[in-house]
2 protein chains.
Amino acid sequence: MSNKPSLAVVGATGAVGTVMLSILSERADVWGEIRLIASARSAGKKLKCRGEELTVVALSPEAFDGIDVAMFDVPDEVSAEWAPIAASRGAVVVDNSGAFRMDADVPLVVPEVNPEMVKQRPRGIISNPNCTTLSMIVAMGALHKTYGLKELVVSSYQAASGAGQSGIDALRAQMKQVAGTDAGDATGDLRKHVTDLGPFPAPLALNVVPWAGSLKADGYSSEELKVRNESRKILGLANLKVSATCVRVPVITTHSLTVHAVFEKEPSRKAAQDILANAAGVKLVDDPENYKFPTPADVVGTDPTWVGRVRKSIDDPMALDLFVCGDNLRKGAALNTAQIAELLAVEFTK
Amino acid sequence: MSNKPSLAVVGATGAVGTVMLSILSERADVWGEIRLIASARSAGKKLKCRGEELTVVALSPEAFDGIDVAMFDVPDEVSAEWAPIAASRGAVVVDNSGAFRMDADVPLVVPEVNPEMVKQRPRGIISNPNCTTLSMIVAMGALHKTYGLKELVVSSYQAASGAGQSGIDALRAQMKQVAGTDAGDATGDLRKHVTDLGPFPAPLALNVVPWAGSLKADGYSSEELKVRNESRKILGLANLKVSATCVRVPVITTHSLTVHAVFEKEPSRKAAQDILANAAGVKLVDDPENYKFPTPADVVGTDPTWVGRVRKSIDDPMALDLFVCGDNLRKGAALNTAQIAELLAVEFTK
């Protein structure tokens, strides 16, 4: 019926999977069959994509038969088990989990930064970066091309949805518990109002929590190491200096980051703004005189990496300071996965 | 009646003034008369301090007669006019505004860091630092003594009360407007729910806003320049490299900051934790294995600078990364002013 490639969406019923179905419905239609795959308990469920109703099928080796490209939006352990199975059935896997990102035989791809890496996939698997890395790396890649990146000092302002639907639910419930009260005025009183922390280690409404992910060596969180290790791999800079501190904030969706970036060549504020204004996948909003800068309220639901507050560091002529926002469910997850899959679709339709 | 020095609190009815009266009631009582001064429209108002009811008197030159130490918690322009008048009447002024902080003849004092500077006050005026600087400088001063500070890269997570009572009121009202809704799920929908931005340039509930203060040269906010310039002056490091990005978060009270600090001598994580655990005015809470780190919910209403997430930078042996919280109305304003005044009280009672 069509010589367009076939696509499987594994984890179609999850938070990222749901955004994926709407992204697939919005973008140029490069796909033939789209097959929705999820756990056995979701099999038979009907979901809409591209205006058609599709029936979810259960995850099994046979579910990948006839599939050219399989996107995985599932937990690490599910990807670790099933991505190689899908690859062995002939599908190229685009995996949004952390299972393969640092595997030397699996490229970590951001289409605006290193699209050529999709070809180097000896395992038949391509990884999609972590949402926090993705929220800033397109902008950093654009500046790196001109100035040569040497060092990043990054602090995150991460949204609740980065912890999944349970993160959104917990923050929404906490908002109702603290609104209209005087919580936050006295030591510890937020903990009295908030009955359910959800996936967070402290109340998130009216608070900020300097933790995301699991504990790794030397006091680091897994999220902080991902930002460092994935930035190095995507940019192809094995010696890039990266310091990251990841902090959760009471925002539903859209991760923000402050970035202090040190370069090999001296940047100017104006030239950096011009580079960002013209970079694919970047939207520059940098007019503080008129209070124009990105905030999650305006970025949520949009595709680009938004950048503002671009300043030349006062005490380091080689450095820029900036503020970056990206929708962690779109570019931070589903959109980048869809973009990688589209690079593959071109191969299959040739 | 007493040979204890007399104290005036100018701006006694404001947000910081209110906290000041409770701090004066809690701390060791070094003062004889305490006189409350405010604008003419608050004159005659009765406020409690040290268990006694005091009547507010109107600001006038004569209001300072017989006063040894005068604390000012008023807007910049009021301090600029009235602090020199108080000084000319013989009071030593401790000013919490921005009016004199960068004046070479006015010391900028943090009692744990540079107490000796209170003696060097040719104008009879001592300045109290900005609340964002104060939220991290005690911890940085302690590390600087051992390791020698070379560079700071700082990102703030600033509370609404840093913008005064109108900031608190706006955030409280916005919380009520967005709780129980799905605001924050779609582009721009927060702006539909929030009817009053208050003193902020964008909605603050369920959002973060990368702006605090007024616009200065080259895209910087006044708050960012204060963090840089005041840190240099307090630490006596004219060449300290400082990059700051200031961001407002939906927290009522307590500023948080991530700090990337580069030193002359190589620090170790353990030794840095020991220094911070033993530093006056610092509380170390750094046990991520048990999810123990400072958050505004626990810091609000307390005196110390709380520090956690202490890590040695992976790619720079000379650097540490940490997370710091301080109550911006207490140590960030009223408490530090009271501590400076107490250093002066010692002089007057000798």
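Packing here is the average count of other Cβ atoms within 10 Å per residue, and on that basis the peptides B:259-268, A:165-174, A:319-328, highest first, run A:319-328, A:165-174, B:259-268. Using a 7 Å projection from Cα along Cα-to-Cβ, the label point at A:Gly44 is separated from the same position in the remaining copies by 7.9 nm, smallest value first. Take each residue in A:298-309, count the other chain C-beta atoms within 10 Å of its C-beta, and the mean is 3. Classification of region A:98-182 by its C-alpha gyration tensor yields an oblate form. The axis ratio a/c (a ≥ b ≥ c) is 1.5 or more, and b/c is at least a/b.
Taking springs between alpha-carbon atoms closer than 10 angstrom, which of B:Val93, B:Val110, B:Val285 fluctuates most in the Gaussian network model of chain B? Its mean-square fluctuation being the largest, the pick is B:Val285. Accessible surface of chain B, 1.4 Å probe: 51 percent of it comes from carbon and sulfur atoms. Beta bridges per DSSP, both residues in region A:154-288: antiparallel share near 65 percent. For chain A, modelled as a GNM whose springs connect Cα atoms under 10 angstrom apart, the maximal fluctuation among A:Asp182, A:Asp95, A:Asp68 occurs at A:Asp182. Counting only other chain Cβ atoms within 10 Å of each residue's Cβ, the peptide B:280-289 averages 1.
Taking the DSSP bridge list for region A:222-331 and keeping only pairs wholly inside it, about 80 percent are antiparallel. Charge dipole of region B:239-350 (Cα centre as origin; +1 on each Lys and Arg Cβ, -1 on each Asp and Glu Cβ, all else neutral): 120 debye, rounded to the nearest 20.
To the nearest 10, the accessible area of B:Lys119 is 130 Å² with a 1.4 Å probe.
Taking a ≥ b ≥ c as the square roots of the Cα gyration tensor eigenvalues, with a/c under 1.5 meaning rounded and otherwise prolate when a/b beats b/c, else oblate, which class fits region B:12-54? Prolate is the answer for region B:12-54, as a/c is 1.5 or above and a/b outweighs b/c. When the square roots of the Cα gyration tensor eigenvalues are ordered a ≥ b ≥ c, the ratio a/c for chain B is 1.5 or more and a/b does not exceed b/c, which makes its shape oblate.
What separates the Cα centres of region A:1-39 and region B:7-36 is a distance of 65 Å. For the pair B and A, the buried accessible area comes to roughly 6200 Å² in total, with a 1.4 Å probe and the value rounded to the nearest 100. Legend: distances between Cα atoms for A:Lys192/A:Lys233; A:Lys145/B:Lys150; A:Lys48/A:Lys145; A:Lys331/B:Lys226; pairs beyond 32 Å are A:Lys192/A:Lys233; A:Lys48/A:Lys145; A:Lys331/B:Lys226. Note on B:238-246: average number of Cβ atoms from other chains within 10 Å of each residue's Cβ is 5. The ellipsoid that matches the Cα gyration tensor of the protein assembly as shown has semi-axes, each √(5λ) in whole angstrom, of 51, 25, 21, with the longest given first. Annotation: aspartates and glutamates with alpha-carbon distance below 17 angstrom to A:Lys119 (same-chain offsets under eight excluded): A:Asp68, A:Asp95, A:Asp103, A:Asp105, A:Glu342, A:Glu347.
In the elastic network of chain B, a GNM with C-alpha springs shorter than 10 Å, the most mobile of B:Gly162, B:Gly124, B:Gly188 is B:Gly188. Ranking A:Ala170, A:Ser256, A:Ser222 by Cα position along the charge dipole of region A:157-263, where only Lys, Arg, Asp and Glu carry charges on their C-beta atoms, puts A:Ser222 farthest toward the positive end. Of all aspartates and glutamates in the structure, those lying under 19 Å Cα to Cα from B:Lys265, and not within fewer than 8 positions of it along the same chain, are B:Glu151, B:Asp274, B:Asp315, B:Asp316, B:Asp321.
The values are calculated or read from the model by the stated rules, or taken from the named source; none is laboratory data. These numbers were taken from a predicted model, which means no experiment stands behind them. We place every Cβ from the backbone using ideal geometry, glycine too, and count neighbours over all the protein chains shown. Only protein heavy atoms, including side chains, enter the accessible area calculation; ligands, DNA and RNA are left aside. Shrake-Rupley method; radii C 1.70, N 1.55, O 1.52, S 1.80 Å.
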